[in-house]
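S.K.: This structure is in structure tokens; I'll ask about it shortly.
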């Protein structure tokens, strides 16, 4: 117990070091690029007198090390600064947009599993036949086609040509006048479902289709290929042959014996794609005007809105550090052979 | 769950969420797509794209009309105004019975305090530079005292820094400077801010007590979708998801113009493209070289490629339609022989030097026509290296050290308020200690003297000032410190079921939703 406690404290201390190093690098990087935060704050056409006034107001006239210390001091006190372009507290900006991104990522993840796995099984089952070839082409395209390009193609084909689904946003804005969404969690599928607002639910789900599909294309391909490979391997095993010899139906063998054993490596892959989904959401959100963290970060970078960039860095890095720690602890708990050092 | 069940479930879900056609149009909601993001809800600070919303929520003392209108101004919160003989005192008489959205009454104190706060904290505070003090002799009279004669009517009708704000909100923002940023409004305009989701939408709702009143067919709500991409806006408009798209791709002009469901009108704007030539070092410090370059540019081709032909070649740095634009200012036309001769006279027979051109990477029009400039200059032996940068960085580099800066700087410019004499001519070419927007680093005492005199004269005698301005612009064309590339043309595709959409180049960043109504 003591050992475990010591380990956690040590890891946390190390994480603080990582965060300090990271913020320092990002802080310096965002400042050495020539830009003018004051003119971003005021508007593109502000004059020198106004810029000087705002430089003083934002503390930009101080030397860089002093500015960095000010920033770190504020963050420790829970103040992440105000975004220069929106003048809102960065922490509020992040927390208010987090549900939008998380909902998209979770739906994409779900799609990857419920579409990718059966495709992989089908492909393995009909190994070498036409459906296998089709699935392999689909997964190859999913893995290799850039998501921003796929997103534009889907918009053009499904929305523009066929009039299906929606081009932008998370729900139709006019819903507010007829079926307003009660914002409980910010996860609109959940919010509309628990309040029984089915008109809005349908609308929200319809808006999710194109962006989620775009985002899920890569993990769908990955999961299908992984499932196919491991399924093929498992199907060669002796116990499958034995099952067949007993006359158990092929479908039962496939889903109850083979898939159960084949799914483990696939689960690992799904875990790994979470990182892809989070970063992939950035440009998918941009294409579909999603209004989540992706849009926020993209505009922050384009504007060199450094408090917002710093905030997203802290948020992302903090998230990774915590998830890593939890995973390590969970592994140690699950497998006593792993020793915490 | 078996594979088949799963597939059926997915299919059923898909069918369930496929939308069932667009909604019928009614007068409740006008759906708009716009690129305008919000950098502040503080009307005193506002100096950026949120002007679109401000212009529907707040009002100034008066509006300036589009060029060619019978009257130059439309009264807004002031019903009449006059200036003293010497142009130093302006008196405005306020409209009676106007209330702010929060119920406060419009008074002279509200006007005085609104403008004084803009002077103190505004992004566009410089527009009030000539203002010495404001008096409020009675509830409905405001007197502006100036330090030198200036066209105060043009300043008071500015899209930035001239909004009149409720005194109650001014009290609140004095106590907490971020008061407005939560999405609070305190104007007198026809619409109120009902909701705002950053990067996604702005919702405006009707202000029932608007002094202008309401008629049948005008919209109760305006829902503005913030959509940065023009092609996406086009798809939304064509898909019936919005009624009005305020930024359509230039290339879609023909398809909308030939579609009977849309009314398409081309307007001139107060935007123009200028290419600053760095006059601080050889070879561009030589007037003959600058003239040669001016002769080498294929202006028609730039307008064709950059704006689908919807633009006109500039006459100097003042765009068509804005004071003090003049037809008497000459233009260069492409003449490569003349260009080569001038280069030879300057001692650069056959060119043989390199120039670095920078443009704003986010501007797709500059991206389209920058290579045309490079190709044209290659014809006379000058190599142009094109460098796209984010505008912010492009500008920072240009302001840092002129002798190390770029050779050619492309910029899209427009006057802050409708006076290109005190803006374009002064800001872009008058010399100053540190460069700001004079990115040719042009330094000509004769020009400075003309502009300074004209600036003051414009406050009392605009026609006399025009003569001096015209002279100054002729000087700028002959001296060629910059390439005057094109005045931008603009168009909107308005569905025929909407009426009342008006474009006013004085307020290019605003669209007024109040006059828009359903066609009978």
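The values are calculated or read from the model by the stated rules, or taken from the named source; none is laboratory data. Owing to the predicted nature of the structure, the values given are computational and were not obtained by experimental measurement. When we count neighbours, we look across all protein chains shown, and the Cβ atoms used for this are built from the backbone with ideal geometry, even at glycine.
S.K.: Only one residue in A:314, A:325, A:329, A:274 is crowded, with 19+ Cβ neighbours inside 10 Å, more than 14 Å from chain B (Cβ to nearest Cβ) and under 27 Å from residue A:16 (Cα atoms). Which one?
M.R.: Details: A:325 fails: crowded, with 19+ Cβ neighbours inside 10 Å; A:329 fails: crowded, with 19+ Cβ neighbours inside 10 Å; A:274 fails: crowded, with 19+ Cβ neighbours inside 10 Å.
That would be A:314, the only listed residue that is crowded, with 19+ Cβ neighbours inside 10 Å, more than 14 Å from chain B (Cβ to nearest Cβ) and under 27 Å from residue A:16 (Cα atoms).
S.K.: Another question about this same structure. Pick from B:149, B:137: which is more than 17 Å from residue B:62 (Cβ to Cβ), in contact (Cβ under 8 Å) with a residue 24 or more places away in the chain and part of a strand (DSSP E or B)?
M.R.: Numbers: B:149 fails: part of a strand (DSSP E or B).
One residue alone meets the criteria, B:137.
S.K.: Sticking with this structure for a sec: Look at the range A:207-245 and say how many of its residues are buried (at least 20 other Cβ atoms within 10 Å of the Cβ) and over 18 Å from residue A:128 (Cβ atoms).
M.R.: Result for the range A:207-245: 18.
S.K.: Give the range B:490-511 a look and list any residue that's in contact with a strand residue (DSSP E or B) (Cβ under 9 Å, 6 or more places away or on another chain), outside any helix (DSSP H, G or I) and under 18 Å from residue B:418 (Cβ atoms), or say none.
M.R.: Keep residues of the range B:490-511 that are in contact with a strand residue (DSSP E or B) (Cβ under 9 Å, 6 or more places away or on another chain), which gives B:490-501, B:503-508, B:511.
Subsequent filtering for residues that are outside any helix (DSSP H, G or I) retains B:490-501, B:503-504, B:508, B:511.
Selection gives B:490, B:503, B:504, B:508, B:511.
A quick yes/no check of all residues on (1) surrounded by 17 or more Cβ atoms within 10 Å (Cβ to Cβ); (2) under 23 Å from the mean Cα position of the chain (by Cα):
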site: B:319; (1), (2): yes, yes
site: B:335; (1), (2): no, no
site: B:345; (1), (2): no, no
site: B:368; (1), (2): no, yes
site: B:378; (1), (2): no, no
site: B:382; (1), (2): yes, no
site: B:391; (1), (2): yes, yes
site: B:396; (1), (2): no, yes
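S.K.: Restricting to the range A:173-187, give me the number of residues that are in contact (Cβ under 8 Å) with a residue 12 or more places away in the chain and facing another protein chain (nearest Cβ under 8 Å).
M.R.: So the answer is 0.
S.K.: Here's a check for you: in the range A:199-238, which residue that is out of contact with any helix residue (DSSP H, G or I) (no Cβ under 7 Å at 6 or more places or on another chain), in a helix (DSSP H, G or I) and farther than 30 Å from residue A:189 by Cα is farthest from the other protein chains (Cβ to nearest Cβ)? Steps first, answer last, please.
M.R.: If we filter the range A:199-238 for residues that are out of contact with any helix residue (DSSP H, G or I) (no Cβ under 7 Å at 6 or more places or on another chain), which is where we start, we get A:199, A:207, A:229, A:233, A:236-238.
From what's left, in a helix (DSSP H, G or I): A:199, A:207, A:229, A:233, A:238.
This time we only want the ones that are farther than 30 Å from residue A:189 by Cα, so: A:229, A:233, A:238.
Values: A:229: 19, A:233: 20, A:238: 25 Å.
Ranking the candidates gives A:238 first.
S.K.: Out of A:254, A:267, A:304, report the one residue that is touching a residue at least 24 places away in the same chain (Cβ under 8 Å) and either away from every other protein chain (no Cβ under 14 Å) or closer than 20 Å to residue A:224 by Cβ (or both).
M.R.: A:254
S.K.: May I pose another question? What number of residues within the range A:288-301 are surrounded by fewer than 24 Cβ atoms within 10 Å (Cβ to Cβ), part of a helix (DSSP H, G or I) and at the interface with chain B (Cβ under 9 Å from one of its Cβ atoms)?
M.R.: The total comes to 1.
S.K.: For the range B:59-74, enumerate the residues that are in a strand (DSSP E or B) and within 14 Å of residue B:164 (Cα to Cα). Write out each step before concluding.
M.R.: The initial filter retains those residues of the range B:59-74 that are in a strand (DSSP E or B), namely B:62-64, B:73-74.
Within the range B:59-74, B:62, B:63 meet the criteria.
S.K.: Is it fair to say residue A:107 is surrounded by fewer than 23 Cβ atoms within 10 Å (Cβ to Cβ) and away from chain B (no Cβ under 14 Å)? Please lay out each step first, then the result.
M.R.: Numbers: surrounded by fewer than 23 Cβ atoms within 10 Å (Cβ to Cβ): yes; away from chain B (no Cβ under 14 Å): no.
Spelling it out, it is not the case that residue A:107 is surrounded by fewer than 23 Cβ atoms within 10 Å (Cβ to Cβ) and away from chain B (no Cβ under 14 Å).
S.K.: Follow-up. Within the range B:43-57, take every residue that is more than 8 Å from chain A (Cβ to nearest Cβ) and under 22 Å from residue A:38 (Cβ atoms) and give me the one that is surrounded by the fewest Cβ atoms within 10 Å (Cβ to Cβ). Break it down stepwise before answering.
M.R.: Within the range B:43-57, the subset more than 8 Å from chain A (Cβ to nearest Cβ) is B:43-44, B:49-57.
Checking the rest, the ones that are also under 22 Å from residue A:38 (Cβ atoms) come to B:43-44, B:49-51, B:54.
Working: B:43: 27, B:44: 25, B:49: 17, B:50: 22, B:51: 19, B:54: 25.
Here the answer is B:49.
S.K.: Still on this structure, I have one more. In the range B:443-458, which residues are outside any helix (DSSP H, G or I), in contact with a helix residue (DSSP H, G or I) (Cβ under 8 Å, 6 or more places away or on another chain) and surrounded by fewer than 17 Cβ atoms within 10 Å (Cβ to Cβ)?
M.R.: Going through the range B:443-458, the residues outside any helix (DSSP H, G or I) turn out to be B:443-444, B:458.
Among the residues that remain, those that are also in contact with a helix residue (DSSP H, G or I) (Cβ under 8 Å, 6 or more places away or on another chain) are: B:444, B:458.
Scanning the range B:443-458 gives no hits.
S.K.: Test of understanding: among A:260, A:225, which residue is modelled with pLDDT of 90 or more and under 28 Å from the mean Cα position of the chain (by Cα)? Even if it seems obvious, please write down each step before you answer.
M.R.: On the way: A:260 fails: modelled with pLDDT of 90 or more.
A:225 is the lone residue from the list that is modelled with pLDDT of 90 or more and under 28 Å from the mean Cα position of the chain (by Cα).
A quick yes/no check of all residues on (1) touching a residue at least 40 places away in the same chain (Cβ under 8 Å); (2) surrounded by fewer than 24 Cβ atoms within 10 Å (Cβ to Cβ); (3) assigned to a strand (DSSP E or B); (4) on the phi > 0 side of the Ramachandran plot:
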{"site": "B:114", "(1), (2), (3), (4)": "yes, no, no, no"}
{"site": "B:123", "(1), (2), (3), (4)": "yes, no, no, no"}
{"site": "B:142", "(1), (2), (3), (4)": "yes, no, yes, no"}
{"site": "B:153", "(1), (2), (3), (4)": "yes, yes, no, no"}
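S.K.: Counting only residues that are part of a loop (DSSP other than H, G, I, E, B) and under 20 Å from residue B:308 (Cβ atoms), which one in the range B:222-279 is nearest to the other protein chains (Cβ to nearest Cβ)?
M.R.: Start the filter on the range B:222-279 by keeping residues that are part of a loop (DSSP other than H, G, I, E, B), which leaves B:227-229, B:239-243, B:246-249, B:258-261, B:278-279.
From the residues that got through so far, the ones that are under 20 Å from residue B:308 (Cβ atoms) too are B:229, B:246-249, B:258-259.
On the way: B:229: 8, B:246: 15, B:247: 14, B:248: 14, B:249: 13, B:258: 18, B:259: 15 Å.
Across the range B:222-279, the extreme among qualifying residues is B:229.
S.K.: Check A:157, A:164 and return the single one that is out of contact with any strand residue (DSSP E or B) (no Cβ under 9 Å at 6 or more places or on another chain), within 14 Å of chain B (Cβ to nearest Cβ), within 23 Å of residue B:229 (Cα to Cα) and not in a helix (DSSP H, G or I). So that I can check it myself, show each step before the final result.
M.R.: Numbers: A:157 fails: not in a helix (DSSP H, G or I).
When all the criteria are applied, what remains is A:164.
S.K.: Okay, next question. Given B:377, B:355, B:390, which one is closer than 20 Å to residue B:440 by Cα and within 14 Å of chain A (Cβ to nearest Cβ)?
M.R.: On the way: B:377 fails: within 14 Å of chain A (Cβ to nearest Cβ); B:355 fails: within 14 Å of chain A (Cβ to nearest Cβ).
Result: B:390 is the single residue among B:377, B:355, B:390 that is closer than 20 Å to residue B:440 by Cα and within 14 Å of chain A (Cβ to nearest Cβ).
S.K.: Same structure again: Residue A:131 is checked against (1) in contact (Cβ under 8 Å) with a residue 12 or more places away in the chain; (2) assigned to a helix (DSSP H, G or I) and fails just one. What number does that condition carry?
M.R.: For residue A:131, the failing item is (1).
S.K.: Here's a follow-up. In the range B:420-442, is there at least one residue being out of contact with any strand residue (DSSP E or B) (no Cβ under 6 Å at 6 or more places or on another chain), within 10 Å of chain A (Cβ to nearest Cβ) and in a helix (DSSP H, G or I)?
M.R.: Checked against the condition, which is being out of contact with any strand residue (DSSP E or B) (no Cβ under 6 Å at 6 or more places or on another chain), within 10 Å of chain A (Cβ to nearest Cβ) and in a helix (DSSP H, G or I), the range B:420-442 yields at least one hit.
S.K.: On the given criteria, is residue B:415 within 14 Å of chain A (Cβ to nearest Cβ), buried (at least 16 other Cβ atoms within 10 Å of the Cβ) and without any contact (Cβ under 8 Å) to a residue 60 or more places away in the chain? Before you say what the answer is, go through the steps one by one.
M.R.: Working: within 14 Å of chain A (Cβ to nearest Cβ): yes; buried (at least 16 other Cβ atoms within 10 Å of the Cβ): yes; without any contact (Cβ under 8 Å) to a residue 60 or more places away in the chain: no.
For residue B:415, the condition - within 14 Å of chain A (Cβ to nearest Cβ), buried (at least 16 other Cβ atoms within 10 Å of the Cβ) and without any contact (Cβ under 8 Å) to a residue 60 or more places away in the chain - is not met.
S.K.: In the range A:31-88, which residue that is within 21 Å of residue B:436 (Cα to Cα), touching a residue at least 40 places away in the same chain (Cβ under 8 Å) and buried (at least 17 other Cβ atoms within 10 Å of the Cβ) is nearest to the other protein chains (Cβ to nearest Cβ)?
M.R.: Among those residues, the one meeting the criterion is A:35.
S.K.: Of all residues in the range B:160-185, how many are over 30 Å from residue A:98 (Cα atoms) and either within 14 Å of another protein chain (Cβ to nearest Cβ) or modelled with pLDDT of 95 or more (or both)? Let's see the steps before the verdict.
M.R.: Taking the range B:160-185 and keeping what is over 30 Å from residue A:98 (Cα atoms), we get B:160-172, B:174-175.
Narrowing the set further to residues that are either within 14 Å of another protein chain (Cβ to nearest Cβ) or modelled with pLDDT of 95 or more (or both) leaves B:160-172.
Within the range B:160-185, residues that are over 30 Å from residue A:98 (Cα atoms) and either within 14 Å of another protein chain (Cβ to nearest Cβ) or modelled with pLDDT of 95 or more (or both) number 13.
S.K.: While we're here: In the range B:178-200, which residues are in a loop (DSSP other than H, G, I, E, B) and within 15 Å of residue B:39 (Cα to Cα)? Before the answer, list the steps.
M.R.: We begin by selecting, within the range B:178-200, every residue in a loop (DSSP other than H, G, I, E, B); these are B:178, B:183-190, B:198-200.
Of everything in the range B:178-200, those that are in a loop (DSSP other than H, G, I, E, B) and within 15 Å of residue B:39 (Cα to Cα) turn out to be B:178, B:183, B:184, B:185, B:198, B:199, B:200.
Yes/no matrix, rows are residues, columns are (1) modelled with pLDDT of 95 or more; (2) under 30 Å from residue A:210 (Cβ atoms); (3) over 18 Å from the mean Cα position of the chain (by Cα):
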site: B:6; (1), (2), (3): no, yes, yes
site: B:15; (1), (2), (3): no, yes, yes
site: B:34; (1), (2), (3): yes, yes, no
site: B:66; (1), (2), (3): no, no, no
site: B:91; (1), (2), (3): yes, no, yes
site: B:116; (1), (2), (3): yes, no, yes
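S.K.: Would you pick out the residues in the range B:273-283 that are touching a strand residue (DSSP E or B) at 6+ places or on another chain (Cβ under 9 Å) and modelled with pLDDT under 95?
M.R.: Once the filter is applied, which keeps residues that are touching a strand residue (DSSP E or B) at 6+ places or on another chain (Cβ under 9 Å) and modelled with pLDDT under 95, the range B:273-283 yields only B:283.
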